[in-house]
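What follows is a set of notes on a single structure, which appears directly below.
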Amino acid sequence: MADHYRSEPIEALRLESVDKVYGTEDNPVRALDSVTVGLAPGSFTAIMGPSGSGKSTFLQCAAGLDQPTRGRVFVDGAELTGESETALTKFRRQRIGFVFQQFNLMPTLTVYQNVTLPLRMAGKRSDRDRTTAMLRQVGLADRMGHRPSELSGGQQQRAAIARALVTDPRVIFADEPTGALDTKSARDVLQLLRSSVDHLGQTVVMVTHDPVAASYADSVMFLADGRSAGTLDKPTAETVAERMTHLGDEVHMQDASADAGRKVVGL
Ligand SMILES: Nc1ncnc2c1ncn2[C@@H]1O[C@H](COP(=O)(O)OP(=O)(O)OP(=O)(O)O)[C@@H](O)[C@H]1O
């Protein structure tokens, strides 16, 4: 996979004019519409928007799990778009970490085996000291030999975060990581993601519906009707909730002013 070296610092994630259209030619669903975004290494970004606004589609395209209909995606300067499925799978294993709402741990494997699985799949040796240190960091040093069913939801999600961190990925994509957790476990998981950014220099991109979860991020990117609807830096739960309330209005106003503009220039 080609790495594109540029004079400016390489962004951890870059999407350029990305469209994703589902459905048929007669009945297209434009899930992403000309989305352009660049995220710096070591940043924590929350993706928010109403249901159906394109958040999951954004994550799928940004993480190389799906290909955009148009536009380009780069992770750490390497272009994902146009690559074969085999190359993308290899790339994801080596450079991308995932955290899912339902944890997605292998039920028959111990916590230790689950955490080292991405290394084995990428053909790398697992370093016992490093893995143990990682498990200590997520508060599971005494649970290494347990199976997921013997852990609470919060503990399972912390194991999933250790699994995402173990390959030292360029970006961690988290899809509603606190959606299945109680308030206290959710806070632990969010603090863990925050500390992976602050102390390990990780880049985290997290889809969430929850303004409190979004407030752990450095910035929030809003989506509405598949389009980027602005960003909010240093978010608080209150400022995020306020922005979400008016999101639909802003997009409709943008549409109205774009329509008016087109009329003025006669398009
Ligand atoms: N495989 C698909 N085929 C057809 N349409 C799809 C497909 N996946 C998503 N869509 C449509 O694309 C749009 C964006 O969906 P997406 O799941 O990305 O939104 P979302 O913001 O993640 O929603 P939610 O918050 O409800 O999970 C929606 O209109 C959805 O119905």
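The values are calculated or read from the model by the stated rules, or taken from the named source; none is laboratory data. Remember, it's a predicted structure, so these values are computed and weren't measured experimentally. Positions of Cβ are generated from backbone atoms using ideal geometry, with glycine treated the same way; all protein chains shown enter the neighbour counts. Quick note on the areas: whole protein, heavy atoms, side chains included, nothing else; ligands and nucleic acids left out. Shrake-Rupley method; radii C 1.70, N 1.55, O 1.52, S 1.80 Å.
Taking the convex hull of the Cα atoms, report for the stretch 42-144 its projected area averaged over all directions, in nm². Display every interim value, and only then the final one.
On the way: hull surface 34.6 nm².
Over all viewing directions, the stretch 42-144 projects a mean Cα-hull area of 8.7 nm².
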Amide hydrogen neighbours beyond the local backbone of residue 47, cut-off 5 Å, H modeled: 206, 207, 208, 221
Any idea of residue 32's accessible area? Nearest 10 Å², probe 1.4 Å. 0 Å²
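Charges at C-beta only: +1 for Lys and Arg, -1 for Asp and Glu. How large is the resulting dipole of the stretch 1-158 about its Cα centre, in Debye rounded to 20? Write out the running numbers ahead of the final one.
Values: 20 positive and 17 negative charges, 151 e Å.
Charge dipole of the stretch 1-158: 720 debye, to the nearest 20.
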Order 85, 16, most accessible first, counting only protein heavy atoms with a 1.4 angstrom probe. 85, 16
Aspartates and glutamates whose Cα lies under 15 Å from that of residue 124, excluding same-chain neighbours fewer than 8 positions away: 168
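Can you give the % of DSSP beta bridges in the chain that are antiparallel, to the nearest 5? Mind dumping the intermediate values first?
Details: 21 of 38 bridges.
Of those bridges, close to 55 percent are antiparallel.
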So which DSSP H runs in the chain come out at 20 Å plus along the axis (Cα) with average Kyte-Doolittle of at least -0.5? 183-200
Hey, what did the chain get for relative contact order, percent, Cα under 8 Å, at least 6 apart? 24 percent
Normalise the Debye intensity by I(0) for the stretch 1-95, one equal point scatterer per Cα, no solvent, then take log10 at q = 0.13, 0.18, 0.22 Å⁻¹ and round to two decimals. -0.45, -0.85, -1.19
Taking the alpha-carbon centroid of each part, what is the distance from the stretch 90-148 to the stretch 154-231 in angstrom? 17 Å
I need the P(r) histogram for the chain: all alpha carbon pairs, bin width 10 Å from 0 out to the longest distance, whole percents. 7, 28, 34, 22, 7, 2, 1
With +1 at each Lys and Arg Cβ and -1 at each Asp and Glu Cβ, the charge dipole magnitude of the chain around its Cα centre, to the nearest 20 debye, comes out at 1040 debye
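When only DSSP loop residues count, what trypsin sites (Lys or Arg not before Pro) in the stretch 79-127 have their Cβ near at most 13 other Cβ atoms within 10 Å?
Values: sites: 90, 92, 93, 95, 120, 124, 125; in loops: 124, 125.
Sites meeting the loop and neighbour criteria: 125.
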Spin-label pair residue 180/residue 56, simplified geometry with 7 Å Cα→Cβ offset, distance in nm: 1.4 nm
What figure in square angstrom, to the nearest 10, would you give for the accessible area of residue 106 with a 1.4 Å probe? 90 Å²
